[in-house]
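These notes are about the structure you will find just below.
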């Protein structure tokens, strides 16, 4: 435990004694971590928005013009009794005309009409398979047009799946790049302490004893890069939050940009620390295998 504590503190001291080199290494690693992390966060927000869209999978049934109010009400009750229907809302032609008047602003043109040209509308909220429900509602004799925009939602899910796979591929590539950066930095530190390591080997020091300070050094690099990457992502999210909120408000939406939760941030730090540790372990192991003294 004393040796681990000494290596833990001394490795941090060695990193702080070279602030410029340490800052460059941590900065390059932080950018490598921040790029896939930012993409993953953006996909999470798009997935959250898509979940809100998926929750409103309404099916609009426009009835034929000759369908009277009593029949429309009876049809709404009939559809409401289906097990795959969560809710049914009946909009009369008068309600539809009032909504159209409010949204279009064509009051003069609407007042010039002799009759209301709009049909009764049933807004059906499915509780099960919305595609099968839309097909069933299209078979009703009173149904004139059934509107169910499911194709674009399926395409959105396909893009989200592709984006998620792309984020993992980029995370793997940038993670490998960060590992190589740590390995090269630790390799330079090993070369600077080559004579010291040679003396320790001649005195019988084990590979674990020699390797331990470099492993902690790599872990410090990884942890520092993880913290900086989180700061970069949070700064980018803060810079984008205000214009995104204004854009969503202009469309009448309450969508807000979500940040990283504490658990996800902790996992990012752990992953960064492990990458730094592995990079140092790989380089020191390769060096020790080449310089291990041979028995005579």
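Measuring r between the beta carbons of residue 165 and residue 144 and using R0 = 35 Å, the FRET efficiency lands at 0.25. Here the calculated FRET efficiency for residue 289 and residue 184, from their Cβ-Cβ distance with R0 = 25 Å, stands at 0.90, rounded to the nearest 0.05. With a simple spin-label model that places each label point 7 Å from the Cα along the Cα-to-Cβ direction, the separation between residue 155 and residue 195 comes to 6.9 nm.
Where a number appears in this text, it was derived from the coordinates with a stated rule and is not lab data. Everything numeric in this text was worked out from a predicted model, so none of it was measured. Here the Cβ is made from the backbone with ideal geometry for all residues, glycine too, and neighbour counts use every protein chain on show.
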